[in-house]
Amino acid sequence: MTPERRQVAIADLLKRIYLVRGRRVMLDADLARLYEVETKALNRAVKRNSDRFPNDFMFRLTADEAESLRCQFGTSKKGRGGRRYLPLAFPEQGVAMLSGVLTSRRAVKVNVAIMRTFVRLREMIAAHGELAARLGKLEKVSAEHGRDIRTLFEAIHEYMNPPDSPPPRIGFKPKAK
């Protein structure tokens, strides 16, 4: 896999990692799509090997958690062909344990990509954490130096939390025919 293609895969995987109960997890339906198996087949394999999945390796979402994530992962409403059961959530250790349960070539390749993604996510969070700590120290020092430095820090914080909407498109725009 080329580095560009791996980057695309990692970017796609990052979209499928959610923060639930203070932990980064992947949902059973997303994992099943990646492994190219049905969700019920994945869940059946997990159930058959339940001793490999203690509560810190896998847990079922509550109705409230599932509802709050519904807009993010786009499941259908109850009674409209949707899920019968609440989704299972797998933190990094649970995803790693899935590699022992699902042993197809595809599952092995996907698991390697997922593990790389979790590692990259940890690296990004660590780097962001270091930057935030340094900015915090500088903000304390800058309190003595007035409004100019505060404005600078506000701009930096704004840059760290980019807006949700994409920037306006610039460049040549052909006339409509």
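The values are calculated or read from the model by the stated rules, or taken from the named source; none is laboratory data. From a predicted model like this one, the values you see are computed outputs, not experimental measurements. Cβ sites come from the backbone with ideal geometry, for glycine too, and all protein chains shown count toward neighbours.
None of 150, 120 is surrounded by 11 or more Cβ atoms within 10 Å (Cβ to Cβ), in contact with a helix residue (DSSP H, G or I) (Cβ under 9 Å, 6 or more places away or on another chain) and either at pLDDT 80 or above or closer than 20 Å to residue 15 by Cα (or both) except 120.
State the number of residues belonging to segment 92-120 that are outside any helix (DSSP H, G or I) and in contact with a Phe, Trp or Tyr (Cβ under 8 Å, 6 or more places away or on another chain). Before you say what the answer is, go through the steps one by one.
Start the filter on segment 92-120 by keeping residues that are outside any helix (DSSP H, G or I), which leaves 102-104.
Going one step further and asking which of them are in contact with a Phe, Trp or Tyr (Cβ under 8 Å, 6 or more places away or on another chain), we end up with 102, 104.
So the count comes out to 2.
Scanning segment 15-65 for residues that are part of a loop (DSSP other than H, G, I, E, B), of a type in the set (Val, Ile, Thr) and more than 18 Å from residue 109 (Cα to Cα) yields one hit, 62. Filtering segment 58-97 to residues that are modelled with pLDDT under 75 and among the polar types (S, T, N, Q) leaves 72, 75, 76.
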